[in-house]
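Working notes, beginning with the structure itself.
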């Protein structure tokens with residue numbers, strides 16, 4: 001894969017991740033839909049979209065997904081939705097991507113990947129920017145919701161790591177999404193008495209599942225084999241910045257000097273890590 005194509009694919013995937021955060025916030029905070037229904041509709045929509053793409057392309061290549069990856073995907077999606085019922089957006093993003101970064105970088109270093117001094121400096125700079133963007137002024141998050149978001153981050157780290165060398169990205173992602181459907185339906189049955197589904201919330205969930213989850217994750221799986229675990233983890237630190245900008249453009253959130261400075265620190269730190277890797 002050329003460097004330019006890898007750059008495009010990675011950028012699209014990161015924007016899709018940010019889109020998931022925005023869609024989930026909009027649905028759970030501004031519509032009556034419950035977390036279990038949002039998660040189930042999201043996963044079913046992703047599974048249907050990816051299955052259709054596989055049928056249309058008819059690729060004669062390997063890759064079918066697996067139950068361990070599907071369970072990691074479900075754990076991420078469910079914990080993410082339930083955590084955002086009571087977590088502020090800022091502290092939730094900090095917990096999510098902090099745990100993703102910790103899990104993936106820890107695994108990469110355990111497997112023998114090494115950081116130069118410049119890469120460590122870039123990572124520290126990116127983390128400092130993330131903390132500066134999200135932490136000041138936030139109250140301590142509820143313990144239960146915080147643990148759910150940490151679980152979501154670690155599950156996503158596992159899902160990402162299992163994507164390296166798993167086969168054709170589209171087929172693998174489709175297989176994983178299809179396997180989550182029975183588990184998601186079982187979860188919805190458990191929470192049936194508290195289920196609430198409205199048109200707006202369902203449309204947010206469908207968009208999240210079909211576009212920013214299904215297609216976005218297939219693109220991420222395509223880029224993953226060409227990224228080190230440490231670099232993949234650091235790149236995802238840019239997602240809260242992208243989501244914050246999306247909040248300004250879509251949700252009318254204010255543009256602040258802190259956002260600009262934190263964005264520069266996070267993206268600058270990522271640049272140091274990637275340049276030193278190459």
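Each value in this text was obtained by applying a stated rule to the coordinates, not by laboratory testing. For clarity, every value in this text was computed on a predicted model and none was experimentally measured. When we count neighbours, we look across all protein chains shown, and the Cβ atoms used for this are built from the backbone with ideal geometry, even at glycine.
Values computed for the structure shown
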| quantity | calculated |
| --- | --- |
| The chain: most fluctuating residue of 45, 238, 66 per GNM, C-alpha cutoff 10 Å | 66 |
| For 114, 30, 226, order by how many other beta-carbon atoms lie within 10 Å, fewest first | 114, 30, 226 |
| Ranked list, fewest to most other Cβ atoms within 10 Å of each Cβ, for 15, 97 | 15, 97 |
| Order of 31, 256, 39 - criterion: other Cβ atoms within 10 Å of each residue's Cβ, fewest first | 256, 31, 39 |
| Spin-label pair residue 66/residue 191, simplified geometry with 7 Å Cα→Cβ offset, distance in nm | 2.8 nm |
| For the range 9-83, the fraction of alpha-carbon pairs in successive 5 Å shells from zero, as % | 3, 12, 18, 23, 22, 13, 6, 2, 1 |
| Most fluctuating residue given options 246, 144, 65, as computed from a GNM of the chain linking Cα atoms under 10 Å | 144 |
| Estimated D of the range 3-277 in µm² per second, where Rh is the Kirkwood radius over Cα pairs and Stokes-Einstein applies at 10 °C, 1.306 mPa s | 85 µm²/s |
| Fully extended contour minus Cα-Cα distance, from residue 30 to residue 258, at 0.36 nm per residue | 79.5 nm |
